[in-house]
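Let me begin by handing over the structure; questions about it come next.
None of the figures in this text is laboratory data; all of them are computed from the coordinates on show. Here the structure is a predicted model, which is why all the values come from computation and not from measurement. Here Cβ is always computed from backbone atoms with ideal geometry, including for glycine, and neighbour counts include all displayed protein chains.
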Amino acid sequence: MDFVKYIDLLRKNMKTLKKVLIAYLVAVVIFDVVLPRDEAHAHYWIDKVFAFWTVFSIVGCFLLIKIGKGIAHLFLSKDEDYYG
Amino acid sequence: MDRWVHPAIFFFIGSLLLPFVKGKAKKLLILFIPVLSIIDVALMHAGTYGSYRFLNMSIVFGRVDRLSLVFAWVFVIMAFLGALYALHVKEDGHHVAGSFYIGSSLGAIFAGDYLTLFIFWEVMAFSSVFLVWYRKERRSIEAGFRYLLVHVFGGLLFFTGMMLYYYKTGNLVFDRIFPDNAGIAEYFILAGFSLNAAVLPLHAWLPDAYPEATVEGAVFMCAFTTKTAVYVLARGFPGFEVLAILGTAMTVYGVFYAVIENDMRRVLAYHIISQVGYMVAGVGIGTELAVNGACAHAFAHILYKALLFMGAGAVLYMTGTAKMSKLGGLYKYMPLTMIFYVVGAISISGFPLFSGFVSKSMIVASAHEKGRLMLMAWMNLAGIGTFLSVGLKVTYFTFFGKEAEIKAKEPPKNMLWAMGLTSALCFIIGVYPKVLYDLLPFPVEYHPYSLPHLSEMLQILSFTGLVFFLLVKKLQPEAKLNLDMDWFYRKGAWVFMKLDERVISVVDAFWGELYRTVGLRVLFKNASISYGFDRKVIDGVVDGSALTVREAGSIVRKLQTGRIQAYIGLSIFLFFLILWFVLRGM
């Protein structure tokens, strides 16, 4: 199927793909900076900080993985036949 | 249409006809039942139907208004998609259980009083458990029993609340309850409802049972139980602060486990808790926008979560496992399944143009509108976890990642069609949200495609993706089991068994011994006296009656063949005889 070929093509060109994605991320941040902020939506400080959700996502996602895996390894994870 | 036909009837009667048809006709019937119910719902008008007097209370089977209709719509659509997905299942019992489950969910959402609701509520639990048991593995049978016991407990909470409510008000009308008037009765009912909505800490039954259900059964289960509970919460308890807080806690709790779980379907099951959390929080916030959001999200969620379970089920069906530690590289072998799964995943994550974007954001916006910024932040954190776990982790480790030994093919055609149709619906709702918004209980003034919202979601999704690829090694799924609240009753039961073995059985044995030595002697003496009295006095008075009874007994004995079919046949015959007498008398 053609679809599989496209994916394989992407996988072969990882370096280009990475560059495109980084450019995309930069575009996302720029979009949030230039975005018009009308008073109707921006009531709160959250709405006025540039790229607030960028920082929030990076920190939040990092903590979610670290804390999640951390607690799992600390005491939540057991062998699969733990309950018999 | 003046006459109202309860859509549950199609499912109850239709499924009972299933064992009598064969081959193509059976498949047609399986699809025909939900089609009839869709037509029925399409023809429905708001109003109160099917109300009866029973024990001096009014019983309402058909409360049709905008709130019940939006749920009815998605239930019957899902019934069709689920039936299509399960079309290849051979066992009639599986289809019958599924139909009873859907029928009773419809019964619950149209119920206008607690008694009717309670009956359908229990039928739901008792029919859905068969969708777990039909997996026919030891783990499923055990999980099914736990599922049933927990739901019986929830039913008892609800029942207690219902009785107290009756005691307090003298009726069982199920209507909106205001937080200021709520007493112990209302909170019992709320607890019973919350258990079915998997509200913390009454949630552990869900990730325990759903991953052990059959491939097709899980698709049904993920749609109906929790969403019926969301409906009753939206009906009865909007504006309860406790729901806003617990709901928001659920959103994060669910994704937390979804991030660390290994089994695809368990990731999805935990993620139901997270998604239902948004709806519960919406109900708790209680504004028109929030309740609308809860309904819209329930609608969208049923479709994309079913789609995800269909995709994960297809992988399990074709490879024999849903454990990500054993999977990988499936995109080469199941590309269509992957595309459909990814459509579900980006819908649930709230990508623009897909259904989650237009539904989830209503609830987040309602928190924002009310100035509940903490709730909003936690919900967006859960949004990050959603994309991280369901979107990226499962897709990556199942369809990409390192190549596993397991090779597979695409699933049967009916499964692919069901996934394709569901994907199409997720997309249609995303690009044309009006179809969904027009169904909502309150008039909507909400535009999801505003620039700030678009920017917010793009940042959240894109940078979650970035962190995922930076930390992907950390997220490697591990073949482990993660403890949850079910530990208390699973290990608690073990403690009880030990107690029983060591203490209760010892006391019991001692008591038995005491009884044998002392009690029996007294009993024998007594018996011999009364026997003498019986033979000499009573039989003398009513002469001949003992003989008649003995004769009749020997006839009855012939009926008691010991064959179960004979008993069932006889019971059905007697049932119809009684029914005939009753109807004739009316």
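Run the numbers for B:H45 and B:Y166: contour at 0.36 nm per residue of separation, minus the present Cα-Cα distance, in nm.
Between B:H45 and B:Y166, full extension yields an extra 40.6 nm.
Using Cα-Cα distances under 8 Å and only pairs 6 or more residues apart, what relative contact order does the stretch B:234-282 have, in percent?
Contact order relative to length: 50 percent.
What is the projected area of the convex hull of the Cα atoms of the stretch B:433-541, averaged over all directions, in nm²?
Averaging across all directions leaves 21.8 nm² for the Cα convex hull.
Where in chain A are there chymotrypsin sites (Phe, Trp or Tyr not before Pro) that are in a DSSP coil and have at most 11 other Cβ atoms within 10 angstrom of their Cβ?
Taking chain A and a limit of 11 other Cβ atoms within 10 Å, no loop chymotrypsin sites (Phe, Trp or Tyr not before Pro) are found.
Something else now. In whole Hz, what ³J(HN,Hα) sequence does the stretch B:393-408 give by Karplus (6.51, -1.76, 1.60; θ = phi - 60°), x for Gly and Pro?
With the stated coefficients, the stretch B:393-408 comes to 4, 5, 4, 5, 6, 8, 9, 10, x, 6, 5, 8, 5, 6, 9, 8 Hz.
So how much slack lies between B:L574 and B:L451, counting 0.36 nm per residue of separation and subtracting their Cα-Cα distance, in nm?
Contour length minus Cα-Cα distance gives 37.5 nm.
Can you compute the radius of gyration and Dmax for chain A, using only the Cα atoms, both in Å?
Final numbers for Rg and Dmax: 20.7, 59 Å.
Between B:R557 and B:F126, what length comes free when the chain is fully extended (0.36 nm per residue of separation minus the Cα-Cα distance, one decimal in nm)?
Working it through step by step, the gained length comes to 151.8 nm.
Using helices alone, what [θ] at 222 nm do you get for chain A, with -39,500 (n - 2.57) per DSSP H run of 4 or more residues, divided over all residues and rounded to the nearest 500?
Helices in chain A give a 222 nm mean residue ellipticity of -21500 deg cm²/dmol.
Same structure again: Go through B:347-360, B:461-474, B:505-518 and give me the packing order, highest mean Cβ count within 10 Å leading.
The densest-packed peptide leads the list: B:347-360, B:461-474, B:505-518.
Of the listed peptides B:216-227, B:286-297, what is their order by residue-averaged count of other C-beta atoms within 10 Å, with the highest listed first?
Output ranking for B:216-227, B:286-297: B:216-227, B:286-297.
When you look at the Cβ of every residue in B:463-470, what mean number of other chain Cβ atoms sits within 10 Å?
Going residue by residue through B:463-470 and averaging, the value is 6.
Show that you can apply the helix-only estimate: for chain B, add -39,500 (n - 2.57) for every DSSP H stretch of four or more residues, divide by all residues, and state [θ] at 222 nm to the nearest 500.
Rounded to the nearest 500, the figure is -23000 deg cm²/dmol.
Quickly rank B:432-438, B:411-417 as a protection proxy: mean count of other C-beta atoms within 10 Å, highest first.
B:411-417, B:432-438
Now for a different question. Using Cα-Cα distances under 8 Å and only pairs 6 or more residues apart, what relative contact order does the stretch B:69-160 have, in percent?
24
P(r) tail for chain B, what percent of Cα pairs lie past 38 Å?
Tail fraction, whole percent: 37.
Can you give the FRET efficiency for B:F400 and A:K66, using 1/(1 + (r/R0)^6), R0 = 25 Å, r = Cβ-Cβ distance, to the nearest 0.05?
Efficiency at R0 = 25 Å is approximately 0.60.
I've got another one for you. Can you give the alpha-carbon Rg of the stretch B:245-323 over 2.2 N^0.38 Å, where N counts its residues?
1.22
Let me ask something else. Determine one quarter of the surface area of the Cα convex hull of the stretch B:55-113, which equals its mean projected area, and express it in nm² to one decimal.
Taking a quarter of the hull surface, the average projection is 4.8 nm².
How many percent of all Cα-Cα pairs in the stretch B:348-407 sit more than 15 Å apart?
Distances greater than 15 Å cover 59 percent of the Cα pairs.
Can you work out the FRET efficiency for the pair B:V495 and B:V518, with r the C-beta to C-beta distance and R0 = 30 Å, to the nearest 0.05?
Once the sixth-power term is evaluated, E becomes 0.35.
Still on this model: Estimate the FRET efficiency between B:D65 and A:L10 by the formula 1/(1 + (r/R0)^6), using the beta-carbon distance for r and 45 Å for R0, to the nearest 0.05.
The calculated FRET efficiency here is 0.35.
Counting alpha carbon pairs within less than 8 Å and at least 6 residues apart, what relative contact order, in whole percent, applies to chain B?
12
Using the alpha carbons of the stretch B:303-357, what is the convex hull volume per residue in cubic angstrom, as a whole number?
77
As a test of understanding, state the convex hull volume per residue of the stretch B:232-275 from its alpha carbons, in Å³.
Hull volume normalised by residue count: 54 Å³.
Averaged over every viewing direction, what's the projected area of the C-alpha convex hull for the stretch B:92-196? Give it in nm², one decimal, please.
6.6
Rounded to whole Å and ordered largest first, report the semi-axes of the equivalent ellipsoid of the stretch B:12-116 derived from its Cα gyration tensor (root of 5λ).
28, 15, 11
Sticking with this one: With the calculation restricted to Cα positions, what are the radius of gyration and Dmax of the stretch B:345-475 in angstrom?
Radius of gyration, then largest Cα-Cα span, for the stretch B:345-475: 17.1, 53 Å.
In the stretch B:210-249, whose amide N lies under 19 Å from the spot 7 Å out along Cα-to-Cβ of B:F488? List them in ranges.
B:242-243, B:245-249
What are the trypsin sites (Lys or Arg not before Pro) within the stretch B:75-161 that DSSP puts in a loop, where the Cβ has at most 15 other Cβ atoms within 10 Å?
Sparse-neighbourhood loop trypsin sites (Lys or Arg not before Pro): B:K90, B:K136.
Using all alpha carbons of the protein assembly as shown, what is the percent of pairwise distances in each 10 Å bin, ordered from the shortest bin to the longest?
3, 14, 24, 24, 16, 9, 5, 3, 2, 1, 0
If amide H atoms are built 1.01 Å from N in the plane of the peptide, which residues on other chains or at least 5 residues away come under 5 Å of the amide H of B:S58?
Here B:L172 satisfy the definition.
Rounded to whole Å, give me the distance from the Cα center of the stretch B:137-154 to that of the stretch B:458-495.
If we compute the Cα centre of each part, the gap is 23 Å.
Compactness ratio of the stretch B:152-240: Cα Rg over 2.2 N^0.38 Å, N = residue count?
1.18
As a test of understanding, state the convex hull volume per residue of the stretch B:383-424 from its alpha carbons, in Å³.
Per-residue hull volume (Cα only) is 82 Å³.
In µm²/s, what is D for the stretch B:181-284 at 37 °C and 0.692 mPa s, where D = kT/(6 pi eta Rh) by Stokes-Einstein and Rh is the Kirkwood radius from Cα pairs?
242
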